1. Give the residues of region 83-108 that are of a type in the set (A, V, I, L, M, F, W, C) and out of contact with any Ser or Thr (no Cβ under 9 Å at 6 or more places or on another chain), sorted by residue number.
2. Of all residues in region 1-27, count the ones that are under 11 Å from the mean Cα position of the chain (by Cα) and not in a helix (DSSP H, G or I).
3. Restricting the search to region 1-55, which residues are at pLDDT 70 or above, loosely packed, with under 15 Cβ neighbours inside 10 Å and of a type in the set (Ser, Thr, Tyr)?
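The values are calculated or read from the model by the stated rules, or taken from the named source; none is laboratory data. Bear in mind that the values here come from a model prediction, so they are computed numbers and not experimental data. Note: ideal-geometry Cβ built from the backbone for every residue, glycine included; neighbour counts use all protein chains shown.
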Amino acid sequence: MANVSKVQIKEFVKRKLSTDPVWARHALLKIFEFQTMEEQKSKDTMFNNGVGFTGTDGRILSSLATQLQRKGYLSEKQMALVFKKMPKYWIQVVKISDKEKLNSLIQS
């Protein structure tokens, strides 16, 4: 099995987060989990701790994650926003991913 480069990983994950509803929804929920409890309750980003959503995305993405948890779905318009915003979180997604599985997906 050949080694997968960081560029390949970045491109693959960003593409998945911008086009694959399963990847985008799962990442949205996982990144939301990284928000502190206080941030989750207020649906806003308060701390610059290197995990969770950025300050500009905190409110909207927390709101969408909460809706997804409660109702189990997002509208087409909401998914379009998730597809637009989630690729910037590719590093956090890679950090929580199974590296071997990710590499095998990229190579297939």
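1. 90, 91, 93, 94, 96, 102, 105, 106
2. Within region 1-27, residues that are under 11 Å from the mean Cα position of the chain (by Cα) and not in a helix (DSSP H, G or I) number 0.
3. Hits for region 1-55 are 5, 19, 54.
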